[in-house]
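To start, the structure itself, in structure tokens.
The values are calculated or read from the model by the stated rules, or taken from the named source; none is laboratory data. Everything numeric in this text was worked out from a predicted model, so none of it was measured. Every residue, glycine as well, gets a Cβ built from its backbone with ideal geometry; the counts of neighbours run over all protein chains shown.
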Amino acid sequence: MTTPSESHKFTQPGDIALLISAQNKRFLVNLLPDSKLETHRGILHHNDLINLPWGSRVLSHLGSPFLLLQPSLADILIETRRNTQIMYPKDIGFILITMGIGPGKHVLEAGTGSGSLTTALAFATGQEGKVVSYDTKPEIQRLAQRNLERAGLSGRVSFKTRDIIDGFDEIDMDALFLDVPNPYDYLAQARAALKPGGFLGSILPTTNQVSLLLIALKREGYGFIDVCEVILRYYKPVPERLRPTDRMVAHTGYLIFARSTSEDTISSESTPSPEDPPILSDE
């Protein structure tokens, strides 16, 4: 099975494919020999879709047209099967960039949920990276594992089922994301798992939770603390009447970031604002 990051011109068995109907209905499927996709616009046999060029126009048995595309990571995340609230691509993208998560990085996640962030972490860290995800509920992790298998990324994540109050098995990790309702209770455990200067991130739905986390971060000596939220607005792509769409993805959570620094290294009060320009040296 190929992953979303791999590129080739023709579809292959095991590929994840995105089929879009003329009515813009989307279907995400794993292309498997002798399988089929049944839709209200007709049946599409996988054997007829394998070895076609990406971007092909295909027809169901009823003659309805579909576009055969290689999906983006956002397509895969939106289609994540869920039994918990998933994290949105708009937040995930900002998390990956802000926390420096990329190929070869070693990352911890606490709060697997349905696995949307887990999938993005596996995608971003690549085959040389390491992703370990903790959760207390095995049934939730089983769903996340199935979502990763569907995305062709299951081999890149290790799952552990236990309460992180007892700490993490790992040390010297590059980044740790706490997707739990009470992250302020696990900051000592997080520091023990992170390398010096490592990234800590969390997402919370309410301001009172954020305030509790900020107090705890300063008490525990974390530095470079930031709080933000990501608001995403799409526009109707019509040149004659360009305007915002009627719906938008607004507040989904507050993002909190910090770094594991020593208390005597830097004061949290000296953390620069993101609006401050960087100080560049000519040397």
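Among all residues of the stretch 102-109, there is at least one that is surrounded by fewer than 23 Cβ atoms within 10 Å (Cβ to Cβ), within 27 Å of Lys218 (Cα to Cα) and within 16 Å of the chain's Cα centre (by Cα).
Condition check ((1) closer than 28 Å to Pro89 by Cα; (2) among the polar types (S, T, N, Q); (3) part of a helix (DSSP H, G or I); (4) not assigned by TED's automatic domain parsing to the domain that holds Leu117) across all residues:
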site	(1), (2), (3), (4)
Leu44	no, no, no, yes
Asp48	no, no, yes, yes
Gly55	yes, no, no, yes
Leu62	no, no, no, yes
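Once the stretch 74-88 is narrowed to residues that are buried (at least 20 other Cβ atoms within 10 Å of the Cβ) and farther than 16 Å from Leu178 by Cα, the residue that is modelled with the lowest pLDDT is Thr80. Annotation note: of Asp185, Asp264, the sole residue that is at pLDDT 95 or above, out of contact with any strand residue (DSSP E or B) (no Cβ under 8 Å at 6 or more places or on another chain) and over 23 Å from Lys90 (Cβ atoms) is Asp185. For first residues located in the stretch 40-67 and closer than 14 Å to Lys25 by Cβ, partners that are of a type in the set (S, T, N, Q) and surrounded by 14 or more Cβ atoms within 10 Å (Cβ to Cβ) and lie 6+ apart or on another chain with Cβ distances below 6 Å form the pairs Arg41/Ser21; Arg41/Ser60; Arg41/Ser64; Gly42/Ser60; Gly42/Ser64; Leu44/Ser60; Phe66/Ser21.
In the set Ser133, Ser114, Ser158, which member is assigned to a loop (DSSP other than H, G, I, E, B), assigned by TED's automatic domain parsing to the domain that holds Asp185 and within 20 Å of Gly201 (Cβ to Cβ)? Full working, then the answer.
Values: Ser133 fails: assigned to a loop (DSSP other than H, G, I, E, B); Ser158 fails: assigned to a loop (DSSP other than H, G, I, E, B).
Selected residue: Ser114, the only one of Ser133, Ser114, Ser158 that is assigned to a loop (DSSP other than H, G, I, E, B), assigned by TED's automatic domain parsing to the domain that holds Asp185 and within 20 Å of Gly201 (Cβ to Cβ).
For the stretch 41-48, does any single residue satisfy the condition of being touching a helix residue (DSSP H, G or I) at 6+ places or on another chain (Cβ under 8 Å) and at negative phi? No, there is no match, as no residue in the stretch 41-48 is touching a helix residue (DSSP H, G or I) at 6+ places or on another chain (Cβ under 8 Å) and at negative phi.
Restricting attention to the stretch 112-166, the residues that are closer than 24 Å to Ala188 by Cβ, β-branched (Val, Ile, Thr) and over 15 Å from the mean Cα position of the chain (by Cα) add up to 4.
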